[in-house]
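Student: After the structure tokens below, expect a handful of questions from me.
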Amino acid sequence: MTDAAGASAETHREVRRQRIAAGEARTALIRRRYAAPTGTVWDACTDPERLGRWFLPVTGEFRVGGTFALEGNAHGEILRCQAPHLLSLTWAYGDRPVDEVALRLSPDKDGGTVLELEHATVSGLVEWDGQMLDVLPDVGAGWEMGLFALGMYLRDGLPIVAAEFERTPAVQDLAERSGRAWAALVEETAPPEHPEATPAGERT
């Protein structure tokens, strides 16, 4: 399995702000490099059959203006698609305000691909096990686990069973590392306005 500590160290993280349809949002931006051509990475992220091999089964109308649904997870609308470089969509999860997600791919000088994923949310604090938690660290850490699985799939070409994948020590280690990193970054860039709030990456 790909080294989780190495994957975490190679990941660029940023917290940004932007306006989306739901309002003023914070964004978790993740940047990773993959040793695969841009077209290959694009297909892995957008072809329904291939996406289901490393992420989640997806159904829908895969065109601009169409809708999608990830099994047991989010659903939304496809806003823009400029293959093989840009995909943006809405991201509705539970009863929270609708988020937006953008995927940007660009080739690098070595024939690989630089992937940027940016998830924008207006959600701030949510209650979890009696604590008020900031959602952004979990957003960032959750996507990092997905992008780790993408790296494994691009390398080996083997299907990944999400339930088994998430229980592996390497992935649990990555979740802890990335959760701590995102919690620290959120605190550094936007100190909580509510002293009772706990960054999600620091939950006990």
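None of the figures in this text is laboratory data; all of them are computed from the coordinates on show. Please read all numbers here as calculations on a predicted model, not as lab measurements. Methodologically, a virtual Cβ is constructed for each residue, glycine included, from the backbone with ideal geometry; neighbour enumeration extends over all protein chains shown.
Student: When you have a sec, figure out the Kirkwood radius of the chain from all distinct Cα pair distances and drop it here in Å to one decimal?
Tutor: By the Kirkwood definition, the hydrodynamic radius is 17.4 Å.
Student: Fewest first, what order do Trp42, Trp54, Trp182 take by the number of other Cβ atoms within 10 Å?
Tutor: Ordered by Cβ neighbours within 10 Å, fewest first: Trp42, Trp54, Trp182.
Student: Mind checking which helices in the chain clear 15 Å along their axis (Cα) and have mean Kyte-Doolittle hydropathy of -1.0 or more, DSSP H runs only?
Tutor: Both cut-offs are met by 136-156, 169-189.
Student: Using +1 at the Cβ of each Lys and Arg and -1 at the Cβ of each Asp and Glu in the chain, identify which of Gly60, Ala35, Asn73 lies farthest towards the dipole's positive end.
Tutor: The one lying farthest along the dipole's positive direction is Ala35.
Student: If you don't mind, there's one more thing I want to ask. Treat every Asp and Glu Cβ in the chain as -1 and every Lys and Arg Cβ as +1, leave all other atoms uncharged, and give the resulting dipole magnitude about the Cα centre to the nearest 20 debye.
Tutor: 640
Student: Want the number for Phe62 to Arg50: 0.36 nm per residue separation, take away the alpha-carbon distance, what's left?
Tutor: 3.0 nm
Student: Still on this structure, I have one more. Between Ala83 and Arg180, what is the label-to-label distance in nm when each label sits 7 Å out along the Cα-to-Cβ direction?
Tutor: Here the answer is 4.2 nm between the modelled labels.
Student: Please arrange Phe165, Phe148 by counting, for each residue, the other beta carbons lying within 10 Å of its beta carbon, fewest first.
Tutor: Ranking Phe165, Phe148 by Cβ neighbours within 10 Å, fewest first, gives Phe165, Phe148.
Student: Name the residue from Gly94, Leu117, Val139 whose Cα lies farthest towards the positive end of the charge dipole of the chain, charges +1 on Cβ of Lys and Arg and -1 on Cβ of Asp and Glu.
Tutor: Checked the options; the winner is Leu117.
Student: Among Ser8, Ser178, which comes first, then next, by fewest other beta-carbon atoms within 10 Å?
Tutor: Ordered from fewest to most neighbouring Cβ atoms within 10 Å, Ser8, Ser178 come out as Ser8, Ser178.
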